[in-house]
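Working notes, structure below.
The values are calculated or read from the model by the stated rules, or taken from the named source; none is laboratory data. Everything numeric here is computed off the predicted structure, so don't read it as measured data. Glycine gets a Cβ as well: all are built from the backbone with ideal geometry, and neighbour counts include every protein chain shown.
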């Protein structure tokens, strides 16, 4: 048996960096009943479930909104009403789905999920995966066996780096409530110098998936002789690479593996970000994912063409900051956001997505290979792929 904290897949040779990502909403709102709060489930219950996935817990950080579990193979975030698990290597994430549903019902009274999302990039070493992850068709069939309202999508060039998505729709149409962001995340208004009003937050996720990383940039992600590994080594990586500057106000939990590799979780109010790095040149890969609104973390205070252009510019500022750290040969961006079906709000959001599409077409030093807009039930996806010139 592998020791707790060890990396299962790294023992098998070339490491499979691209992650499997499972997000399950058990309610569209945070429950008022504390017995329905997923965060009150005890640690040993999650440990038992994660053993099915083939990973272990290395560290945990918490804030008033969520618990972030740093895993031997990526991350888990637990909110009162939803759960996100991201695992890399040859982990068997979907095999844990029945146990997750059982836990939610037994401990919190949730009889079925409100919504489910499963996504991943195409694998580097698909032959090393085991069931139910040996192919996208197998994963879809497995998910379809558990859910009646699921749809599967393949996004991107089918001869290149595809991105796969499976999502369910709610049995009953319910709108996600707008969630106010704390004033601590807001920047001063340009005209008055006072704090702006608290806006309403949508469900919004940005993922940056990078390959062919610059070997010189990757040197920081190797364990050094005499250096402490684990959390202390992770802090050194944060400071040396500039990752600590991406969200300087966040509560960060980072980890340096031996002989190489890095993972980090961070919480900032109701949002999170997570980073995972495989630096070996034959299989180099890094992922960055965040739900923290860039309009506050990377705000453009005086956008020349209005707020929508400012929002798009803030997303591009974040992407630029991240790719400058990892210097990938190729990278994929997914911008996934919920939308409002009310006519006026929908028009404004359509304009914003159009501006986002335009803004994401330009990153200096890279050529855009693909740019796609998808409209799903309740969500929009802007997808882009880029290659170094």
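Things to note:
- Hits in the stretch 97-155 - residues which are out of contact with any strand residue (DSSP E or B) (no Cβ under 9 Å at 6 or more places or on another chain), touching a residue at least 40 places away in the same chain (Cβ under 8 Å) and farther than 22 Å from residue 45 by Cβ: 123, 125, 128, 129, 130, 132, 142
- Odd one out for residue 34, checked against (1) surrounded by 14 or more Cβ atoms within 10 Å (Cβ to Cβ); (2) farther than 15 Å from residue 103 by Cα: (1)
- Residue check for residue 239: in a helix (DSSP H, G or I), farther than 17 Å from residue 328 by Cβ and either modelled with pLDDT of 90 or more or in contact with a helix residue (DSSP H, G or I) (Cβ under 8 Å, 6 or more places away or on another chain) (or both): yes
- Test: residue in the stretch 89-105 that is surrounded by 22 or more Cβ atoms within 10 Å (Cβ to Cβ) and over 26 Å from residue 169 (Cβ atoms): yes
- Flag for residue 34 being modelled with pLDDT under 95, within 21 Å of residue 278 (Cβ to Cβ) and touching a helix residue (DSSP H, G or I) at 6+ places or on another chain (Cβ under 7 Å): no
- Residues in the stretch 82-98 that are over 13 Å from residue 54 (Cβ atoms) and either at pLDDT below 95 or in a helix (DSSP H, G or I) (or both): 97, 98.
- In the stretch 65-81, of all residues being under 12 Å from the mean Cα position of the chain (by Cα) and within 14 Å of residue 53 (Cα to Cα), the one that is surrounded by the most Cβ atoms within 10 Å (Cβ to Cβ) corresponds to 75.
- Residue within the stretch 302-311 that is part of a helix (DSSP H, G or I) and either modelled with pLDDT of 85 or more or under 20 Å from residue 273 (Cα atoms) (or both) present: yes
- Scanning the stretch 365-383 for residues being outside any strand (DSSP E or B) and at pLDDT below 90 gives a total of 2.
- On the stretch given as the stretch 40-63, residues that are surrounded by 15 or more Cβ atoms within 10 Å (Cβ to Cβ), part of a helix (DSSP H, G or I) and out of contact with any helix residue (DSSP H, G or I) (no Cβ under 9 Å at 6 or more places or on another chain) total 0.
- Residue list for the stretch 270-290, restricted to those being surrounded by fewer than 20 Cβ atoms within 10 Å (Cβ to Cβ) and more than 23 Å from residue 227 (Cα to Cα): 282, 283
- For the stretch 276-300, a tally of residues being assigned to a strand (DSSP E or B) and more than 14 Å from residue 84 (Cα to Cα) returns 7.
- Condition check for residue 209: at pLDDT 95 or above, surrounded by 16 or more Cβ atoms within 10 Å (Cβ to Cβ) and either in contact with a strand residue (DSSP E or B) (Cβ under 7 Å, 6 or more places away or on another chain) or part of a strand (DSSP E or B) (or both): yes
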